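The values are calculated or read from the model by the stated rules, or taken from the named source; none is laboratory data. Just so it is clear, the model here is predicted, and its values are computed rather than measured. Here the Cβ positions follow ideal geometry from the backbone for every residue, glycine too, while neighbour counts run over all protein chains shown. Quick note on the areas: whole protein, heavy atoms, side chains included, nothing else; ligands and nucleic acids left out. Shrake-Rupley method; radii C 1.70, N 1.55, O 1.52, S 1.80 Å.
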Amino acid sequence: MDKKVITFEEINFLARTIASRIEDEGITHVVGLARGGLVPATIISYKLDLPLLACGVSSYEGTKKTENFRLHQPLNLAQFQAVNAHVLVVDDICDTGDTMKWITQKLALADIKYQTACILTKEKHTKWLKHYGSVVPDDKWIVFPWE
């Protein structure tokens, strides 16, 4: 599989672009999916001047995809329900889509309003992912600067 290296400058630009697009959508909280989503979520939360929370969840072991999700840092869904939150869930890439589907199912079951954003997405996810910075081919492996 071909690799594409992404720079911090590209991430910063795409995160700020996403934030600019959603300034007036009533987002109240930004949730970064740890680990890869934390850098773009931080940039977006600063740009929108909103609180940042983290959710540590992974379905990968290194670069190997697994069927299991490991929850390292859960979200306090009751906290969002108490303030009628509108959450923006941010990740670095929507590759298989499994992580984003997992977290959004949790939010939907808790009746929490949400939107999704990824810095990059594979072509196959552009129809259901709400916000993204750029599309990459399905056959590319993306290397982020923190990897």
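Remarks
- Matching residues in the stretch 72-120 - criterion: being farther than 29 Å from Pro145 by Cβ and among the hydrophobic types (A, V, I, L, M, F, W, C): Leu77, Ala78, Phe80, Ala82, Val83, Ala85, Ala108, Leu109, Ala110, Ile112
- When we screen Val39, Val30 for residues that are in contact (Cβ under 8 Å) with a residue 12 or more places away in the chain and either of a type in the set (S, T, N, Q) or in contact with a Leu (Cβ under 7 Å, 6 or more places away or on another chain) (or both), the only hit is Val30.
- Residue pairs meeting the criteria (Cβ under 8 Å; at least 6 apart or on separate chains; first over 19 Å from Asp139 (Cα atoms) and in contact (Cβ under 8 Å) with a residue 12 or more places away in the chain, in the stretch 94-120; second surrounded by 18 or more Cβ atoms within 10 Å (Cβ to Cβ) and of a type in the set (Gly, Ala, Ser)): Ile112/Ala85; Lys113/Ala85
Matching residues to (1) within 20 Å of Lys47 (Cβ to Cβ); (2) aromatic (Phe, Trp, Tyr); (3) out of contact with any helix residue (DSSP H, G or I) (no Cβ under 8 Å at 6 or more places or on another chain):
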{"site": "Gln73", "(1), (2), (3)": "no, no, yes"}
{"site": "Leu77", "(1), (2), (3)": "no, no, no"}
{"site": "Ala82", "(1), (2), (3)": "no, no, yes"}
{"site": "Asp95", "(1), (2), (3)": "no, no, yes"}
{"site": "Thr116", "(1), (2), (3)": "yes, no, no"}
{"site": "Leu120", "(1), (2), (3)": "yes, no, no"}
{"site": "His131", "(1), (2), (3)": "yes, no, no"}
{"site": "Val136", "(1), (2), (3)": "no, no, no"}
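- Note on the stretch 1-101: enclosed strands (runs of 3 or more DSSP E) holding 1 or more residues that are modelled with pLDDT of 90 or more and either under 15 Å from the mean Cα position of the chain (by Cα) or within 15 Å of Lys130 (Cα to Cα) (or both) are 29-34, 52-61, 86-94.
- Looking across the stretch 95-111, the residues that are open to solvent by less than 10 Å² (accessible area, probe 1.4 Å) and on the phi < 0 side of the Ramachandran plot come down to Met100, Ile103, Leu107.
- Extreme residue, nearest to the chain's Cα centre (by Cα), among residues of the stretch 104-147 that are assigned to a helix (DSSP H, G or I) and more than 20 Å from Arg35 (Cα to Cα): His125
- Residues that are among the hydrophobic types (A, V, I, L, M, F, W, C) and surrounded by fewer than 17 Cβ atoms within 10 Å (Cβ to Cβ), drawn from the stretch 1-49: Met1, Val5, Phe8, Phe13, Ala34
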